[in-house]
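Everything on this sheet refers to the single structure shown next.
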Amino acid sequence: METTAATRFHAASAAGPDWGQAVKACLDRLGDVRGCNLGFLYLTDSLADQASSILNLLRGVTGIRDWVGTVGLGVLGGGEELFDQPAIAVMAAHLPEDSFRVFPVVKGDLGPMRRVAGGWLDRHGAMLGLVHADPRNADLADLVTQLGEATGSFLVGGLASSRGDYPQFSVPDGKNDGPVGDGGVSGVLFGNGLGVATGLTQGCSPIGPMRTITAAEENLIIEIDGRPALEVFKEDIGELLARDLNRVAGYIFAGLPIAGSDTADYLVRDLIAIDPRMGWLAVAERVEPGRRILFARRDRQAAVLDMERMLEKLKKRLSGPPKGAVYVSCVARGPNLFGEGNQEVAMIRQALGDVPLVGFFANGEISNARLYGYTGVLTLFL
């Protein structure tokens, strides 16, 4: 699908019994990509061990040198969400020359990014960075924060999800053997002159008031608003759930608001333990006294309503149809939350039209250089 002579996007996805057939089917659906200069590639994890072969074939056939992407338990593109089968999703973009810069995997030292993109950043600045990360990197949260600060960009993207290898696609670096790496963060920076918009959907709805943690140790919440944490928790979730706390697993979560956010944004974190004897809660995040907290429910209805809210807010910011899109969704969403039938893609298309779109189902999502879970991050090119 073409948009303007200066900027256009083509997207497709395909599944097949082996990687060669999947790539061929995807290329057939992609159409004429002559002149395109940036590729987005997402693979299901059953094809992770063939990542280099797939990328080399795509580079050879399309003539596109620069590619970004990674692997997921599922991929999406061309109106489909594909899980548990060999599948790929590809988007080819024709962007203004020098409007973007792809950088290789950085694992702690930002030197590889600076060598490739430092001069470009000085000339153009970066408005947005689309990044992909390896969840096995123990310093990932700090690395993403440092990368956002060093580039001055709004970082979006996600963590690879796989039952095998964790390939990331990026341009070669002097220390790498080729355009496929792993172990850190890689991606593409977009210059200030390129129109973009992003949205974040949490998939949860708050069920109680905003409160304050008044006693805590590491990830244990001991008191909330000066009362035993479990007492407050039961009050907020209601009598029905409070009578059977076994029902809250996977349904009720802790929401930790982000200080200084002007969008009522919060991090959703798992409740990992409840101690009825001591009245404590344990959450999957280090907390400290003075931090704000709320509790939220996560189910299909809440997720649909929040997705619709996010799409409506994005739509109001547009002056016309978007030209392309990348959507990163949590592996716990998709058919696991919305049911069968490509529900998330369908909601995006219903709100924004038949926009060329690709993405993957991630082991964690990135928005504004922060790590999230259970969320969907949508990036639009305008």
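Using Cα-Cα distances under 8 Å and only pairs 6 or more residues apart, what relative contact order does the chain have, in percent? This gives 20 percent for the chain. Counting only protein heavy atoms and a probe of 1.4 Å, the accessible surface of the chain is 48% carbon and sulfur. Modelled spin labels at D28 and E308, positioned 7 Å past Cα toward Cβ, are 3.8 nm from each other. For the range 281-307, backbone nitrogen atoms closer than 18 Å to the point 7 Å from Y251 Cα along Cα-to-C-beta are found at 295-304. Computed 3J(HN,Hα) for the range 338-350, one whole-Hz value per residue from the Karplus formula 6.51 cos²θ - 1.76 cosθ + 1.60 where θ = phi - 60°, is 8, x, 6, x, 6, 5, 5, 4, 4, 5, 5, 5, 5, glycine and proline marked x. Just in the range 48-134: which trypsin sites (Lys or Arg not before Pro) are loop by DSSP and have at most 13 other Cβ atoms within 10 Å? Here the trypsin sites (Lys or Arg not before Pro) that fit, given the DSSP loop and packing criteria, are R65. Full extension of the chain segment joining D225 with L382 gains 52.0 nm, where the gain is 0.36 nm per residue of separation less the Cα-Cα distance. GNM on the chain, alpha-carbon springs under 10 angstrom: the most fluctuating residue among G157, G193, G203 is G193. Under the rule a/c < 1.5 gives rounded, and otherwise a/b versus b/c splits prolate from oblate, where does the range 23-92 land using the Cα gyration tensor? Verdict is prolate for the range 23-92. Shown in residue order for the range 27-40 are the 3J(HN,Hα) couplings computed by the Karplus curve 6.51 cos²θ - 1.76 cosθ + 1.60 at θ = phi - 60°: 4, 4, 7, 5, x, 7, 10, 4, x, 5, 10, 9, x, 10 Hz (x for Gly and Pro). Annotation: per residue accessible area for the chain equals 40 Å², rounded to a whole number [probe 1.4 Å, protein chains only].
Computed from the Cβ-Cβ distance with R0 of 56 Å, the FRET efficiency linking R163 to A6 stands at 0.85. Spherically averaged projected area of the convex hull of Cα atoms, the range 71-171: 7.4 nm². In terms of its C-alpha gyration tensor, the chain has a prolate overall shape, because the principal axis ratio a/c (a ≥ b ≥ c, square roots of the eigenvalues) is not below 1.5 and a/b outweighs b/c.
For the range 107-118, 3J(HN,Hα) computed residue by residue from phi via the Karplus equation (6.51, -1.76, 1.60; θ = phi - 60°) reads 10, x, 8, 7, x, x, 5, 5, 5, 8, 10, x Hz, glycine and proline entered as x. The simple Förster model, with R0 at 35 Å and r as the Cβ-Cβ distance, assigns D139 and D49 a FRET efficiency of 0.85.
The values are calculated or read from the model by the stated rules, or taken from the named source; none is laboratory data. Since we're looking at a predicted model, the values are computed, not measured. For neighbour counting, all protein chains shown are included, and Cβ atoms are generated from backbone atoms with ideal geometry for every residue, glycine included. Just the protein is used for accessible areas: all its heavy atoms, side chains included, with ligands, DNA and RNA removed. Shrake-Rupley method; radii C 1.70, N 1.55, O 1.52, S 1.80 Å.
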